[in-house]
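Take a look at the structure below.
The values are calculated or read from the model by the stated rules, or taken from the named source; none is laboratory data. Remember, it's a predicted structure, so these values are computed and weren't measured experimentally. When we count neighbours, we look across all protein chains shown, and the Cβ atoms used for this are built from the backbone with ideal geometry, even at glycine. Just so you know, the surface numbers come from the protein's heavy atoms only, side chains and all, with ligands and any DNA or RNA stripped out. Shrake-Rupley method; radii C 1.70, N 1.55, O 1.52, S 1.80 Å.
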Amino acid sequence: KSKIKGVTHYRAGALYLHPNWQGKGIMKAVLSAYFENHRPGFAWIEDDNAPSAALFTALGFFKEKPKDHDGVPGHWWMLSK
């Protein structure tokens, strides 16, 4: 968890799934269960990571402001209460 403008927000951290298991809905189920009781939430997603952007969009996150991380362009994604 982290404080953003004085409000506690939750994040799942950097999660990776072996390519053999991708595309089966596993990560969506895991993150759905986590964020069901951990709101508001946030994530940082690289701009060229379309699968993660699609996943977090499906979970109800919205793309907010740009933020480079170690020179890699990306955006903060937010999930409201």
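Glu46 exposes around 80 Å² of accessible area when a 1.4 Å probe is run over every protein chain in place. Summarising the label geometry, the points placed 7 Å from Cα in the beta-carbon direction at Ala33 and Phe62 lie 2.9 nm from one another. Among rounded, prolate and oblate, which fits the stretch 15-59 when a ≥ b ≥ c are the square roots of the eigenvalues of its C-alpha gyration tensor, a/c under 1.5 means rounded, and a/b larger than b/c means prolate? Verdict is oblate for the stretch 15-59. Quick note on the chain: its Rg to Rh ratio, both from C-alpha atoms and Rh being the Kirkwood radius, is 0.95. Only helices enter the 222 nm calculation for the chain: every DSSP H run of n ≥ 4 contributes -39,500 (n - 2.57), and dividing by all residues gives -7000 deg cm²/dmol, rounded to 500. The count of lysine pairs in the chain that are at least 8 places apart or cross chains, and whose C-alpha atoms lie under 26 Å apart, stands at 22.
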